[in-house]
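The values are calculated or read from the model by the stated rules, or taken from the named source; none is laboratory data. Nothing here was measured: the structure is a model prediction, and the numbers come from that model. For neighbour counting, all protein chains shown are included, and Cβ atoms are generated from backbone atoms with ideal geometry for every residue, glycine included. For accessibility, only protein heavy atoms count, side chains too; no ligands or nucleic acids. Shrake-Rupley method; radii C 1.70, N 1.55, O 1.52, S 1.80 Å.
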Amino acid sequence: MDPSLSQLIQHIREAAARKQPLRIRGSGSKEFYAFRLEGEPLDVSGYRGIVDYEPSELVMTARAGTLLAEVEEALTKGGQMLACEPPYFGPNATLGGCVAAGFSGPRRAAAGSVRDFVLGTRVLNGAGEDLRFGGRVMKNVAGFDVSRVMAGSFGTLGVIVEASLKVLPRPEEELTLRFEMDAAKAIETMNRWASQPLPISATCHFGHAFSVRLSGSKLGVGAARAKIGGEAVAEGNAFWRAVREQTLDVFRGPLWRLSITPTTPPLALPGEQVIEWNGSLRWVATDAPSQQVFEAARKAGGHATRFRAPNGTPLMLLDPAVLEVHKQLKAALDPNGVFGPHRLHADF
């Protein structure tokens, strides 16, 4: 067994014996997310490296501490990609953090989420036991559901030390087009186009600009552009990277993430709004009270999550109803509370 893995197992077992909560940490790129972090640090960044990658199999297996940039560099050389387009939010983002956070980027509506691409995981539970779920091939479904639960769990259910992900070929051609229109028109347009056979891989609207990315064969992209029109964006890749990493000014300030019915009109909330995923994802930079944001999401058939909060602000991470489900799942899989975050706050 790798010495780094042995040290992690020993650390967990000692912490369990002392009833000492642990805080799993890779590079810390997602620590801004609205948890209050507690517990003794458990550094998993040293357990790294690509375990297995054969482009013809469309699967990559890597250790949790492997840099996301290293993973994507290897995939690019193989003409492939992580189709969920996960954000980094930091130069040293790791694969383990990618899976544990479950954040997906602009391509999610067209290709799927991080969870959709997880085939298998290797996990250390609260007793320091080394467990494997799922597998390294797409036909192996043993423990498949447990692997998918780990995506987005933020390490509260166990330490993800290895993950196998399905990867996809990179498109032959990509083109970003921009249109000038208001939010209401953009929502109607992106939903109408989503029902048509167009190679749209990403949509984004804020201000009066509606951006669309076409991905596919040169012939398909060219035909789609001729059909929908629009002005070509010279630095399309840079734009979508800025959307993915939230480096645009529109994302500044207290930020909420709302997952709602895609046809919902522009939300009646103060502040800047960014619309992605054909209307189903809304980012709102607002100082509005938590209850106002939650109510707007419920009326739109979805839920809201505080994504970024100013320092010192009481956290309202999840809608109370969703929070209760998370608490029940946490109690079932980590009854001794070894793995943090240990307080999923619902303070107003």
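Here are the numbers:
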item: Total formal charge among the other residues, if their Cβ is under 12 angstrom from that of ARG170, Lys/Arg +1 and Asp/Glu -1; result: -3
item: Within a Gaussian network of the chain (alpha carbon springs, distance under 10 Å), most fluctuating of LEU248, LEU22, LEU58; result: LEU248
item: Listed pairs LYS30/LYS299; LYS185/LYS299; LYS30/LYS185; LYS185/LYS227; LYS30/LYS77 exceeding 25 Å between Cα atoms; result: LYS30/LYS299; LYS30/LYS185; LYS30/LYS77
item: Solvent-accessible surface ranking, highest first, for HIS326, HIS208, HIS11 at 1.4 angstrom; result: HIS208, HIS326, HIS11
item: Computed accessible area, LYS185, all protein chains, 1.4 angstrom probe, square angstrom; result: 100 Å²
item: Fluctuation leader among GLY79, GLY96, GLY135 - the chain, Gaussian network, Cα springs under 10 angstrom; result: GLY79
item: Residue-span extension gain [GLU188 to GLU245] - 0.36 nm each, minus C-alpha spacing; result: 17.9 nm
item: Within the chain, percent of DSSP bridges classed antiparallel, to nearest 5; result: 90 percent
item: The chain: most fluctuating residue of TRP277, TRP193, TRP240 per GNM, C-alpha cutoff 10 Å; result: TRP193
item: For the stretch 1-128, convex hull of alpha carbons as volume per residue, Å³; result: 114 Å³
item: Residue-wise HN-Hα coupling along the stretch 251-267, computed from phi with Karplus coefficients 6.51, -1.76, 1.60 (Hz; x: Gly, Pro); result: 8, 6, x, x, 10, 10, 10, 10, 9, 9, 4, x, 7, 4, x, x, 6
item: 222 nm mean residue ellipticity, helices alone, for the chain (DSSP H n ≥ 4; -39,500 (n - 2.57); rounded to 500); result: -8500 deg cm²/dmol
item: Euclidean distance of C-alpha centroids, the stretch 203-251 and the stretch 16-93, integer Å; result: 28 Å
